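Trainee: Encoded as structure tokens, here's the structure I'll be asking about.
Derivation of every value follows stated rules applied to the coordinates shown; laboratory data play no part. These numbers were taken from a predicted model, which means no experiment stands behind them. All Cβ positions, even for glycine, are placed from backbone atoms using ideal geometry, and neighbour counts span all protein chains on display.
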Amino acid sequence: MTAQVAVRGHVADAMVTCPKTLGPHADVDDVRTLFDDDHVHMALVVAPDGRLLTTIERPDIPPAALASTPATEFGTLDGRTVSASDPLHTATTRMARDGRRRLAVTDGSGRLLGLLCLKRSGDGYCSDEGIRARADERERTRSSRMFARGLSF
């Protein structure tokens, strides 16, 4: 994977500030549900105080894992976090080297600040605005389907 994106500035300049998260009591079923959205590549499990407990990617959960197993039994923080103040170039190079498109952004205390998301095309980063636009489009599509079926909402 080769990133073809401008990499000036710091991670904080490019991170998504509203990533989807799961709470500390989430289980494998919650993670699998989150992964139903093909735009979600990393589950972020967060403590009530905002500390990132683990990051989970699809391959971290074996198919045989029980749905009720706590999500915190899977994933890792190692190699999957970056500081908001790190140079964007460094983070992008690391993502390309490791073949990954997501890094959780944390502060010095391990508190989750956001998510650095390289677009599938490799030509930029996901943004809060882009995520909101996709969510709005999904809602419009869902509403249109319900209306076409004569369902009320």
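Trainee: Quick one, what does Rg over Rh come out to for the range 1-132 if you take C-alpha atoms and the Kirkwood Rh?
Mentor: Details: Rg = 14.3 Å, Rh = 14.9 Å.
Checking Rg against Rh, the ratio lands at 0.96.
Trainee: Here is a further query. Could you give the nm distance between label points at Arg94 and Ala133, where each point is 7 Å from its Cα heading toward the beta carbon?
Mentor: Modelled inter-label distance: 2.9 nm.
Trainee: What is the calculated FRET efficiency for Asp38 to Ala67, with r their C-beta to C-beta distance and R₀ = 30 Å, to the nearest 0.05?
Mentor: Working: r = 20 Å, r/R0 = 0.67.
Once the sixth-power term is evaluated, E becomes 0.90.
Trainee: Sticking with this structure for a sec: Which percent of the Cα-Cα distances in the range 1-78 go past 22 Å? Intermediate values should be presented prior to the final figure.
Mentor: On the way: 910 of 3003 pairs.
The calculated P(r) of the range 1-78 puts 30 percent of pairs beyond 22 Å.
Trainee: I've got another one for you. Give me Rg over Rh for the range 71-126, both radii from the alpha carbons and Rh done the Kirkwood way, two decimal places.
Mentor: Details: Rg = 11.5 Å, Rh = 11.9 Å.
Expressed as Rg/Rh, it is 0.97.
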